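Data first, discussion second: the structure below is written as structure tokens.
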Amino acid sequence: MIEKTKCEKKEEMEGEETEMKQSRFKRICVFCGSSPGNKSSYKDAAIELGKELVSRNIDLVYGGGSIGLMGLVSQAVYDGGRHVIGVIPKTLMPREITGETVGEVMAVADMHQRKAEMARHSDAFIALPGGYGTLEELLEVITWAQLGIHDKPVGLLNVDGYYNSLLSFIDKAVEEGFICPKARHIIVSAPSTKELVKKMEEYFPQHERVASKLSWETEQIDYSSNCDMSR
């Protein structure tokens, strides 16, 4: 058996590293709590997700806070040399930003604009554990996908089974006829960061959309024009 030379081994390792770092996503939006949660595993998952994004050369879009899981994931991405965009309503800045911020901070008027800007700047979405705000953001982008407003993957990082009850509820809604079985596949979930990102890289929509993405974009342009005219 012929042994590989050091040069061949080095080239092979570099090839594997390059392959691992190639991603279909330039930026991923992360929804998560402004609290750290009661388990250390939640904090570990936020840091691990940040490092995984860095390893794949993916930038971060998030809610702009410097506390809780938001602070951990943004710091991990920033420390890894990737760009960070934080989108936060002006009224929440005193509460959710303490000390120095990392990356680019985009101050917006309200929660609606926050979600719109986060979605506009992102190629995919991931939800870490969080509370009402995280859940509301997650369900909205899932609904947008079902309606056909976007076709971006939506991932659920189910740390220690945190989202088991939510997934059970969604399965119940499918069973009772309120959610189409194909629309159930909008949500990509996994217990670990690497598995989740891998699934999201392979994601392809299976559900029928209410309207085409182009129709929604045209409607948005018309709506913006009307708003400008009414001012």
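The values are calculated or read from the model by the stated rules, or taken from the named source; none is laboratory data. Please read these numbers as outputs of a predicted model, since none were measured by experiment. Quick reminder, even Gly has a Cβ in these numbers, built from the backbone with ideal geometry, and neighbours come from all protein chains shown. When the accessible area is computed, the model is the full protein with side chains, heavy atoms only, and any ligands, DNA or RNA have been set aside. Shrake-Rupley method; radii C 1.70, N 1.55, O 1.52, S 1.80 Å.
In the range 144-158, of all residues being modelled with pLDDT of 95 or more and open to solvent by 10 Å² or more (accessible area, probe 1.4 Å), the one that is nearest to the chain's Cα centre (by Cα) corresponds to Lys152. When the residues of the range 161-190 are filtered to those that are among the β-branched types (Val, Ile, Thr) and in contact (Cβ under 8 Å) with a residue 40 or more places away in the chain, the one that is most open to solvent (accessible area, probe 1.4 Å) is Ile187.
Remark: pairs (first residue in the range 137-153, at negative phi and of a type outside the set (D, E, K, R); second residue open to solvent by 20 Å² or more (accessible area, probe 1.4 Å) and in a helix (DSSP H, G or I); Cβ separation under 7 Å; 6+ apart in sequence or on different chains) = Ile149/Lys213; Ile149/Trp216; His150/Trp144; His150/Lys213. No other residue among Val188, Val174 is of a type in the set (Val, Ile, Thr), over 24 Å from Gly63 (Cα atoms) and at pLDDT 95 or above apart from Val174.
Applying the criterion of at least 1 residues that are under 13 Å from the mean Cα position of the chain (by Cα) and surrounded by fewer than 18 Cβ atoms within 10 Å (Cβ to Cβ) to the strands (runs of 3 or more DSSP E) found wholly in the range 48-141 leaves an empty list.
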